[in-house]
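Asker: Before we start, here is the structure in question, set down as structure tokens.
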Amino acid sequence: MSVNKTDISQIKKYLNGQLNAKAMHALEKEAQDDPFLMDALEGYDTIGKDQSANWEEMKGRLTERVNPTERRSAVVWRFLPIAASVLIALSIGLIWFMPRNDEPKATTAKTLHQVENNNPAVDKQQQPASQASTPIAQVIQAETIPVKSIRAASQRVASRQHKTKLNADGATTGRAETADQPAQTIAQVLANRAQNLELQNAPAPPVNKTISGTITDPTGHALSGVKIAVKGTSLTAVTDTNGLFIITGPPAQGTLSIAYAGYETRQVPLNDTNNMKVVLKESATELATVSVPGYVDDDKSSHESHPIMGWKAFRDYLKKNAVMPDGETGRVKLAFKVSADGSIKGIRVIRGKSEAMNQKAMELVLNGPEWRGIDESKELKLKIRFRRAKSV
Amino acid sequence: MKFLKSSRKPVEADDDTLLRNYRETGDLAMLARLYERYMTLVYGVCLKYLKDEELSKDAVMQIFEELLAKVNRYDIKQFKSWLYTLSRNYCLMQLRSGKKWEQESLDNVMELAVDLHPEYEALQDDLAALERCKEKLPPAQKLTVNMFYLDEKCYKEIAEHTGYSLNEVKSYIQNGKRNLKICLEKNRER
């Protein structure tokens, strides 16, 4: 099959009346055999305006669609080398400063101060301050270790600072450790640092456990708005549109109470699982709050699509309206599906009487009372009987 | 004519090759290139059903998404006709609001592809029967069909010559073709 029998430019020229009669005929003949082209030409004819700008726009949008990440990652990739160079320059600069000094203590202190001063985010009052400067100090320390002369210097520094009090407690501790173990590799030092940090960082509120799960009905559909409560506590949650709930900080032992209108409440023991799956059974008693005339307490209604007003009321509606203007009687059997938003899909006649009656039957369903779609994939069958109008 | 065409344009992969390449590499750019070839047609179809430029532009992008979602799931024999069905189905779905449209199943598009086979070529095979059938056509249809197929006149010319409106010309040709087809089929059955 040849690729592009119809040039876009040909179509454009045709629409602009730029083709001669022969070329026009050729395109029209092609359209006779190509419904795609035929429909498209019809569409352009309907609008009548030149579409070049729109064609360009769509081309651009398609290109965007296919390559959007390039721009974003370009930004990231440009940023990374810059950030890396800055860091390296900083650490090199700091290393350079270190060995030149005969008074390492002063310099180190000065450097620390410099670092602290340069760090605008540091709040001297609080613990985080020492931790902010500590990593940088650690970087300095880590960088200096392999160089022998510097190591010696830091040893001197450290031993002197056993006696010196600096405002950053964490920093002091860290440095002391370095001095005591001069042969450590960078990795070990950093690991120690990390441990220190952790100890310092642990003001220890207990780590919050969470319990989560999903609630569904027996057919597997997620239930939203289900109330979850941990008995004996004030912990509650409500499921979202996916039936998911999350409870933080539950006790180790306990019971979850799961309640939802129209369904049987369940008590489920708390276990450590982070993905409970609970299926709620429909309650045998109907909702008392909503009274819809003709609503039938019927298990079938909850599993199948049905008219919102209920089958009994719908049957009444049919009885009143399934009347042909010419008085024709008969039966029409229809099949259709109801989607989640209540709209009718794929309505068809399984067995009909006459064209007019079939049409009327379909209309009664399509333009009649609202439907509740329960299972979108299940096809509903409906028999409609047309009678003669009752004489008043 | 075909030779001239291919020497002018750079060698381009055909639909099947592009499609296969996409399936193997997953390179979106391939699929986009393929789609780009027919974007004008897809847009035109959307214009026909949705009758709105902005809506149609959005629809064209959405249909690309549909394409992306479905291209690996279906055995596509003719990309162009499959895309046509996809586009039409999407537009019809957009128009839903209460009315029921028969959506052509994407699996059955092969039938559609067969219909793309030029009808007139099939008609030409029965020249004698054709002549007889043409005589039976209502005059307006006979006239327009002759002018279009035999004299190779475009719609505009036919309209000017006959005084019919453009739409009437198109309609007469459509109906004429259909009647000829029916007549010939009846003829074949005999």
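The values are calculated or read from the model by the stated rules, or taken from the named source; none is laboratory data. These numbers were taken from a predicted model, which means no experiment stands behind them. Every residue, glycine as well, gets a Cβ built from its backbone with ideal geometry; the counts of neighbours run over all protein chains shown. Heads up: the accessible areas ignore ligands, DNA and RNA and are worked out on the full protein's heavy atoms, side chains in. Shrake-Rupley method; radii C 1.70, N 1.55, O 1.52, S 1.80 Å.
Asker: Among the residues of the range A:34-60, count how many are more than 8 Å from chain B (Cβ to nearest Cβ) and in a helix (DSSP H, G or I).
Answerer: The total comes to 6.
Asker: Right, another one. Any residue at all in the range A:344-358 that is under 40 Å from the mean Cα position of the chain (by Cα), surrounded by 14 or more Cβ atoms within 10 Å (Cβ to Cβ) and under 24 Å from residue A:283 (Cα atoms)?
Answerer: No: zero hits.
Asker: So, one more: Can you name every residue in the range A:301-322 that is crowded, with 17+ Cβ neighbours inside 10 Å and farther than 27 Å from residue A:223 by Cβ?
Answerer: A:318, A:322
Asker: Right, here's the next one. Considering only the range A:49-67, how many residues are over 16 Å from residue B:57 (Cα atoms) and either open to solvent by 40 Å² or more (accessible area, probe 1.4 Å) or in contact with an Asp or Glu (Cβ under 7 Å, 6 or more places away or on another chain) (or both)?
Answerer: Number satisfying all stated conditions: 1.
Asker: Could you grab me the full set of residues in the range B:145-167 that are surrounded by 14 or more Cβ atoms within 10 Å (Cβ to Cβ), more than 8 Å from every other protein chain (Cβ to nearest Cβ) and part of a loop (DSSP other than H, G, I, E, B)?
Answerer: B:164
Asker: Against the condition in contact (Cβ under 8 Å) with a residue 12 or more places away in the chain, surrounded by 14 or more Cβ atoms within 10 Å (Cβ to Cβ) and more than 44 Å from the chain's Cα centre (by Cα), how does residue A:375 come out, does it pass? Spell out the reasoning first.
Answerer: Values: in contact (Cβ under 8 Å) with a residue 12 or more places away in the chain: yes; surrounded by 14 or more Cβ atoms within 10 Å (Cβ to Cβ): yes; more than 44 Å from the chain's Cα centre (by Cα): no.
Considered against the rule, which asks whether it is in contact (Cβ under 8 Å) with a residue 12 or more places away in the chain, surrounded by 14 or more Cβ atoms within 10 Å (Cβ to Cβ) and more than 44 Å from the chain's Cα centre (by Cα), residue A:375 comes out as no.
Asker: Restricting to the range A:323-343, name every residue that is surrounded by fewer than 14 Cβ atoms within 10 Å (Cβ to Cβ) and touching a residue at least 60 places away in the same chain (Cβ under 8 Å).
Answerer: A:327
Asker: Turning to a different aspect of this structure: If you scan the range B:173-187, which residues turn out to be under 14 Å from residue A:28 (Cα atoms) and open to solvent by 50 Å² or more (accessible area, probe 1.4 Å)?
Answerer: Within the range B:173-187, just B:174 meets the criteria.
Asker: Here's something else I'd like to know. Would you be able to say whether some residue in the range A:30-44 is closer than 16 Å to residue B:169 by Cβ, touching an Asp or Glu at 6+ places or on another chain (Cβ under 7 Å) and crowded, with 19+ Cβ neighbours inside 10 Å?
Answerer: no
Asker: Also, I was wondering about something else. Could you list all residues from the range B:63-121 that are within 11 Å of chain A (Cβ to nearest Cβ), open to solvent by less than 20 Å² (accessible area, probe 1.4 Å) and at pLDDT below 60?
Answerer: Within the range B:63-121, B:113 is the sole residue that qualifies.
Asker: Considering only the range B:168-190, state which residues are at pLDDT below 90, of a type outside the set (A, V, I, L, M) and assigned to a helix (DSSP H, G or I).
Answerer: B:181, B:183, B:185, B:186, B:187, B:188, B:189
Asker: If you don't mind, another one. I'd like to verify a number: residues in the range B:10-51 that are outside any helix (DSSP H, G or I), more than 7 Å from chain A (Cβ to nearest Cβ) and at pLDDT 85 or above, how many?
Answerer: 2
Asker: Hey, any hits in the range A:351-358 for a residue that's assigned to a loop (DSSP other than H, G, I, E, B), closer than 15 Å to residue A:322 by Cα and within 14 Å of chain B (Cβ to nearest Cβ)?
Answerer: For the range A:351-358, residues assigned to a loop (DSSP other than H, G, I, E, B), closer than 15 Å to residue A:322 by Cα and within 14 Å of chain B (Cβ to nearest Cβ): absent.
Asker: Now a separate question. Going by what's in this entry, would residue A:237 be described as free of Cβ contacts under 8 Å to residues at least 12 places away in the same chain and surrounded by 15 or more Cβ atoms within 10 Å (Cβ to Cβ)?
Answerer: Against the criterion (free of Cβ contacts under 8 Å to residues at least 12 places away in the same chain and surrounded by 15 or more Cβ atoms within 10 Å (Cβ to Cβ)), residue A:237 qualifies.
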